[in-house]
Amino acid sequence: MQQPAHGGNLAWAAALAGCPPEAILDFSASISPLGPPNSAIAAIQSQIGNLKHYPDPDYSELRLALSHFHQVPPEWILPGNGSAELLTLAGKELAKLAATTLITPAFGDYYRTLAAYNVKVLEFPLDLRGQGDKEDMGTRGQEGQRRQGGTIEENSPLPLCSSSPLLPKPEKSGLLLNNPHNPTGKLFSREAILPYLEQFALLVVDEAFMDFLHPDEEQSLIPVVQKYANLVVLRSLTKFYSLPGLRLGYAIAHPDRLAIWQLWRDPWPVNTLAAAAAVAALQDREFQEQTWKWLPPARNQLFAGLAAIPGLQPQESAANFLLVESQQSSSQLQQQLLQHHQILIRDCLSFKELGDRFFRVAVRSESDNQRLIQVLRSHCVAEVPSVVASGAAEC
């Protein structure tokens, strides 16, 4: 079977490991281990009898629940068949512009949707070391985009490239970014992103992992969406509530834009069970508080355990996953963990800037995290004799 571009492909992993899919301990998909919430399961069960009817084409109840949750009028909300469907619609929107700036390494589906509409892409890479010279950011940004180099500071706006005759002006271009960033887990402040709305014709912000931050800490642009007609915020309900199989996301943007998107797509994109589960999950404050309480210590435990292993260097993250730099091939390590331990990690081969020296792992329960740490430590120890002569213990 072909190497998957996404995490969570248990059929592929089980075939490689020689075991049933349910035997795989999956660290490759960044899904909360706490869900699905009982409230969502109960809502699904209550709607079984309604499967004989079509869903409400306007999704009035779901949009009202999202409206109450985010304090945004219902007409500013468009539910979708996962945020992937809405990302595709955003790609069609971005295709109207001269180019789209993409912060890299970038989620593979961004390239998919932009390529589908022949969008010109300007790549602007993050500094993976978390270090960057703030001096002369504008000059480095212009040259960086020409040669696909340069850096972006976590709390600094993108440099304007309007002075370069080789690039489209920002006011005629789009910007697609995610916050927190996947796969690094970096969190951009709201204040750092706001200037982009004055620079670009369209700003699409994918906030698929934003709900993992407590409301006191999140940096969502949803509170300002009604001030900017050129802002689109994409959200997913599948990761926080552990419902990827239901495929449910939503876009928040100006009603005129969403009305056009509605004309572009097939009717009834969200099924009855997904809509009911979403309404129940949004109202489940207990589950939300439980998740916000669980994640920071679990993530710290996983980070500390990985950092203590020779040859591994995890990066700090605001999300429910960690990006880890490895001195060993991540694809080889992935296969070893699958075949010997039935554990699946996410290699980063689909992130061309990262290649085979990085992998990503989801934050799971304390026992699951500890099992992964122990297995990785054992592989590192096994590597030590082969590198003693070079004076380095690699993993």
### Task
Could you list, in sequence order, all residues of the stretch 223-244 that are assigned to a helix (DSSP H, G or I) and open to solvent by less than 10 Å² (accessible area, probe 1.4 Å)?
VAL225
### Query
So which residues in the stretch 260-311 are open to solvent by less than 50 Å² (accessible area, probe 1.4 Å), outside any helix (DSSP H, G or I) and modelled with pLDDT of 95 or more?
PRO269, VAL270, ASP284, ILE309
### Message
Among the listed residues ASP26, ASP58, identify the single one that is of a type in the set (Asp, Glu) and without any contact (Cβ under 8 Å) to a residue 12 or more places away in the chain.
### Response
ASP58
### Query
Among the candidates SER189, SER236, which residue alone is within 20 Å of the chain's Cα centre (by Cα) and at pLDDT 95 or above?
SER236
### Message
Within the stretch 205-219, take every residue that is touching a Ser or Thr at 6+ places or on another chain (Cβ under 8 Å) and either open to solvent by less than 20 Å² (accessible area, probe 1.4 Å) or not in a loop (DSSP other than H, G, I, E, B) (or both) and give me the one that is farthest from ALA318 (Cα to Cα).
### Response
ASP206
### Query
Is there any pair linking a residue in the stretch 369-383 that is modelled with pLDDT of 95 or more to one that is assigned to a helix (DSSP H, G or I) and not β-branched (Val, Ile, Thr), with Cβ under 6 Å and at least six apart or on different chains, and which?
ASN369/GLN301; ASN369/LEU302; ILE373/GLY305; VAL375/HIS341
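Within the stretch 49-102, can you find the residues that are aromatic (Phe, Trp, Tyr) and crowded, with 23+ Cβ neighbours inside 10 Å?
Once the filter is applied, which keeps residues that are aromatic (Phe, Trp, Tyr) and crowded, with 23+ Cβ neighbours inside 10 Å, the stretch 49-102 yields only TYR59.
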### Message
Looking only at the stretch 92-118, how many residues end up being within 14 Å of GLU171 (Cα to Cα) and β-branched (Val, Ile, Thr)?
### Response
2
### Task
Tell me, yes or no, whether the stretch 369-376 has at least one residue that is assigned to a loop (DSSP other than H, G, I, E, B) and either closer than 17 Å to LEU10 by Cα or open to solvent by 70 Å² or more (accessible area, probe 1.4 Å) (or both).
no
#### Entry: Total residues in the stretch 335-351, condition open to solvent by less than 10 Å² (accessible area, probe 1.4 Å) and not in a strand (DSSP E or B)
5
### Query
Is there a residue in the stretch 352-363 that is in contact with a Ser or Thr (Cβ under 8 Å, 6 or more places away or on another chain), part of a helix (DSSP H, G or I) and more than 19 Å from ASN320 (Cα to Cα)?
yes
### Message
Please count how many residues of the stretch 113-122 are assigned to a helix (DSSP H, G or I) and either at positive phi or in contact (Cβ under 8 Å) with a residue 12 or more places away in the chain (or both).
### Response
3
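The values are calculated or read from the model by the stated rules, or taken from the named source; none is laboratory data. Everything numeric here is computed off the predicted structure, so don't read it as measured data. For neighbour counting, all protein chains shown are included, and Cβ atoms are generated from backbone atoms with ideal geometry for every residue, glycine included. We work out accessible area using only protein heavy atoms, side chains counted, and drop any ligands, DNA or RNA first. Shrake-Rupley method; radii C 1.70, N 1.55, O 1.52, S 1.80 Å.
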